[in-house]
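One structure is given here, and the rest of the page talks about it.
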């Protein structure tokens with residue numbers, strides 16, 4: 001197989017079609033595999049008259065991809081082949097989705113006293129469940145105490161929430177929306193609903209509900225760890241998965 005000639009032809013085609021915004025990542029991966037195929041040639045295969053045939057290459061490629069997939073099932077990552085474990089992809093894509101949502105929310109909140117998506121979720125949380133303690137609100141938003149206190153401090157300073165003493169624990173404060181906080185929510189709720197629609201993308205309704213179900217399963221797994229076991233070593237937390 002003449003790799004140089006193969007690469008030159010493909011590169012020429014890619015240059016011609018650049019204006020069409022076509023994705024040639026698959027072709028690039030194919031070239032990488034073809035180069036690996038050449039490099040792994042042995043004296044026996046080099047003398048094989050069928051070595052340059054497509055059938056011979058496809059058979060080699062099938063063995064190579066199967067071997068890489070087996071490594072993935074062991075939790076590894078094969079950088080050369082571009083393979084990653086499902087767990088890594090879940091972590092990466094969930095992070096990406098959160099960043100997309102934050103970026104869209106920042107646009108929606110541009111002309112308001114709210115500086116972040118978190119400001120909005122704290123207000124919305126108090127709308128749905130008034131008179132939460134500070135720690136209840138922080139934990140419901142999956143934040144560390146210092147981060148949550150900064151958000152609450154900002155909302156108090158802007159007059160969007162107010163605090164009052166807890167009737168049972170005098171050391172604790174409970175929070176509720178002010179009239180100004182309610183007005184802000186009323187104003188931005190429609191545009192934040194539009195943001196949520198954008199985050200859901202073009203997924204059909206049934207797929208969205210399926211995704212919600214899967215995400216809720218992950219939430220139910222992680223929430224007790226966040227609340228009760230945040231100081232546990234990773235090795236100990238992995239035992240929770242082994243028990244399933």
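Some notes on this structure:
- Filter result for residue 137 (closer than 23 Å to residue 101 by Cα, touching a strand residue (DSSP E or B) at 6+ places or on another chain (Cβ under 9 Å) and touching a residue at least 12 places away in the same chain (Cβ under 8 Å)): yes
- Scanning region 228-241 turns up one or more residues that are surrounded by fewer than 12 Cβ atoms within 10 Å (Cβ to Cβ), free of Cβ contacts under 8 Å to residues at least 60 places away in the same chain, more than 17 Å from the chain's Cα centre (by Cα) and within 16 Å of residue 140 (Cβ to Cβ).
- Of the residues making up region 180-196, not a single one is surrounded by fewer than 10 Cβ atoms within 10 Å (Cβ to Cβ) and more than 19 Å from residue 117 (Cβ to Cβ).
- Test: residue in region 201-213 that is touching a helix residue (DSSP H, G or I) at 6+ places or on another chain (Cβ under 9 Å) and assigned to a helix (DSSP H, G or I): yes
Bear in mind these aren't lab numbers, they're just calculated from the coordinates by the rules spelled out. This one's a predicted model, so the numbers in the text were calculated from it and none came from an experiment. Positions of Cβ are generated from backbone atoms using ideal geometry, with glycine treated the same way; all protein chains shown enter the neighbour counts.
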